[in-house]
Structure formats: C-alpha cells, structure tokens
1. Which trypsin sites (Lys or Arg not before Pro) does segment 67-121 hold that lie in a coil by DSSP with at most 10 other beta carbons within 10 Å?
2. Using a 1.4 angstrom probe on the protein heavy atoms only, could you order Asp175, Asp61 from most to least accessible area?
3. Net charge near Thr115, counting Lys/Arg +1 and Asp/Glu -1 over other residues with Cβ under 14 Å of its Cβ?
4. With a cut-off of at most 14 other beta carbons within 10 Å, and DSSP calling the residue loop, which chymotrypsin sites (Phe, Trp or Tyr not before Pro) in segment 62-95 qualify? Please list them.
5. Mind checking the dipole of segment 123-192: about its Cα centre, +1 per Lys or Arg Cβ, -1 per Asp or Glu Cβ, Debye to the nearest 20?
6. How would segment 27-91 be classified by its alpha-carbon gyration tensor: rounded, prolate or oblate, with rounded meaning a/c under 1.5 and the a/b versus b/c comparison settling the rest?
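The values are calculated or read from the model by the stated rules, or taken from the named source; none is laboratory data. Quantities reported herein were computed from a predicted structural model and do not represent experimental measurements. Cβ atoms come from the backbone with ideal geometry, glycine included; neighbour counts cover every protein chain shown. Accessible surface areas use protein heavy atoms only, side chains included; no ligands, DNA or RNA. Shrake-Rupley method; radii C 1.70, N 1.55, O 1.52, S 1.80 Å.
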Amino acid sequence: MKRKYIICFLILFTISTINAQSKRQFKKVQNSVNEQKLYELVIEKLNTKKKNGCLIYKRNDNIAVKYCDNKSEDKYLEFDELGKIKNTDIIVVNKFTNNEEFYILINPKKSKTLTLYGFPLRIENTNKYLVYNNPTTNIPYSIQILEMKNGELKLITEILYPSNISIKKVLRVDDSEIYILDNNNQTWKTSINKKGVT
C-alpha cells in the first residue's frame with residue numbers, strides 16, 4: 001500500500017514539474033553578462049570504514065542510514081565517502097550506478113539527506129550554491145540551486161533546460177534569474193522560482 005502512494009506521488013510530482021517547465025521562458029541575451037566566480041566546497045576527511053560493503057551513519061533519531069555497495073551487473077551501486085563539508089555537519093557521499101553519478105548530502109544532526117546530480121559549487125561570496133549535471137544522451141540538462149541556512153543546504157529550485165540548449169557553464173545567478181552560456185557560446189536567461197521545484 002505504501003509503495004502505491006509513493007508511485008502516485010512520483011507521477012504527480014513529475015507531471016507538475018513538466019507543466020511548470022513548459023511555462024518557463026528561456027530568452028537569448030545579447031548583452032554581455034558579468035560572470036560570477038564559483039568555488040568548490042572544502043571537504044574534511046572522515047575516514048568512515050565500510051562494514052560488509054556498507055557505509056553506516058547514525059542520525060540524531062538513533063536510526064542508522066546505510067549505503068551498501070552492490071557489484072551485480074544489473075543493479076550496480078557503489079558508495080564512496082568524500083568527507084564532511086567544512087564548518088558544517090554535512091557528510092558528502094558519492095554514489096555510482098552503471099552510468100550515472102550522484103552526491104548524497106547527509107546531515108545526521110537534522111536527520112536529513114539530499115541527493116544531487118553533481119557536486120555543489122558556491123556562488124561567489126553568497127550563501128547560494130549550484131549543481132549542474134553532466135547528462136547522458138536521454139537526460140536533459142538541469143541546474144539545481146541551493147541555499148545554506150543554519151548549517152543546512154536546502155534545495156531552492158531545479159531548472160530543466162530544453163533539448164536545444166546544451167549548458168557549457170553558468171555565468172550568473174541573481175535573486176530572480178539565472179544566466180548560462182551554451183555550447184554555441186550563446187547566452188540564455190530564465191527565471192528562478194523560489195516557491196518550489198520547477
């Protein structure tokens with residue numbers, strides 16, 4: 001019964017995301033854009049040892065979260081601990097499948113996890129971070145924008161780009177808009193909806 005509710009939720013979430021994306025406008029920008037600098041997060045090593053192929057973390061609610069390797073061909077999974085984001089309690093785990101890579105952020109004190117398509121980069125001297133994926137051929141380019149609040153990274157929004165735009169790099173993230181450069185060296189902008197994932 002629980003599984004049916006989860007499947008229904010995922011279907012509704014996907015439909016609402018697609019509907020929101022279809023309303024999003026992507027406009028070409030002719031003027032030059034002042035590019036922001038992006039900084040990699042500083043990671044401190046933790047050296048958590050795997051037990052029987054599993055990384056195990058105890059959360060504040062005393063529930064253990066396990067990330068277990070699976071070396072079978074059809075369900076291949078591998079997890080590597082990168083460490084803890086400096087000056088936070090957030091642990092970063094790299095997840096590998098047969099053809100994709102993810103980053104899992106674990107906050108044991110808050111008993112929360114967040115899965116990202118790529119490694120978060122800090123946007124200049126702000127409390128905002130961005131993640132963009134390196135998709136396979138059938139997955140669209142996307143950007144996740146996050147915000148650090150009280151030592152916790154929260155997802156503000158996710159932007160899926162249409163198939164005619166291949167992201168080369170993010171140029172700028174303002175409060176309401178994001179600017180990207182595509183592989184044809186054209187600049188595009190679109191709005192950021194902070195009310196939810198769109």
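1. When the trypsin sites (Lys or Arg not before Pro) of segment 67-121 are filtered for loop state and at most 10 Cβ neighbours within 10 Å, Lys71, Lys75, Lys86 remain.
2. Correct descending sequence by accessible area is Asp175, Asp61.
3. On the way: positive: Lys95, Lys112, Lys154; negative: Glu100, Glu101, Glu158.
Net local charge, Thr115 excluded: 0.
4. Of the chymotrypsin sites (Phe, Trp or Tyr not before Pro), the ones in loops of segment 62-95 whose Cβ has at most 14 other Cβ atoms within 10 Å are Tyr76.
5. In debye, rounded to 20, segment 123-192 gives about 140.
6. prolate
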